Amino acid sequence: MKLIDQLSFISLCLLLFSCNGDKDKKKPVRLPLVGTWQLLSSTIIENGKTTYTDYTKDQRMIKVINETHFAFLKHHIGKHTAGNNSFDAGGGRYKLTGNKYVEFLDFYKDGNWEGKTFPFRITLRNDTLIQTGIEKVDQAGVNRTITEKYIRVR
């Protein structure tokens, strides 16, 4: 093999072995929002009436958020009548820009809500997440402001 061919071959080998796809890829940034959250309370303002719900007593709800999606699961705690525990669940994609958090409800049992977009403003303080926004679903007759307070479980 000629010297020029040998140098070309060695250069090519060095180039190929030095290319590590993982090294050049940036690891995704883990958002502080990612995790499992337990709902502590909600305050709903609708038609001038304020309703406060304590989720630490008769019901439990968690929200699981990963890098691209959210899901919530809620059920009644305690004795259930005829197998009914008032289970509710839904989820979908979300977008987070600063403190603006928008949920795209892709999955839900009520078709009136499914496919809707819900914008929220969020505040994160240590292990507490507070989200406030408007839930408006004309087909279901819903137009309200909701504030939910969560605590990080994981």
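Coordinate-derived values only; no laboratory data. In this text, all values refer to a predicted model and were calculated from it rather than measured experimentally. So basically every Cβ, Gly included, is an ideal-geometry build from the backbone, and we count neighbours across all protein chains shown.
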Residue by residue through region 146-154, which ³J(HN,Hα) values in whole Hz follow from phi under the Karplus form 6.51 cos²θ - 1.76 cosθ + 1.60 (θ = phi - 60°), with glycine and proline marked x? 10, 10, 10, 10, 10, 10, 5, 9, 9
Which order do peptides 46-59, 134-147 fall in by mean Cβ count within 10 Å, highest first? 134-147, 46-59
Where a Cα-Cα gap under 19 Å defines reach, which aspartates and glutamates qualify for Lys79, not counting those fewer than 8 residues away within the same chain? Asp54, Asp58, Asp88
From Cα pairs below 8 angstrom and at least 6 apart in sequence, can you work out the relative contact order of region 29-152, rounded to a whole percent? 23
Anything over 23 Å Cα to Cα? Flag those among Lys63/Lys95; Lys63/Lys149; Lys57/Lys95; Lys49/Lys149, in the order listed. Lys57/Lys95
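By per-residue mean of other Cβ atoms within 10 Å, what is the highest-first order of 66-74, 37-45?
The most tightly packed comes first, giving 37-45, 66-74.
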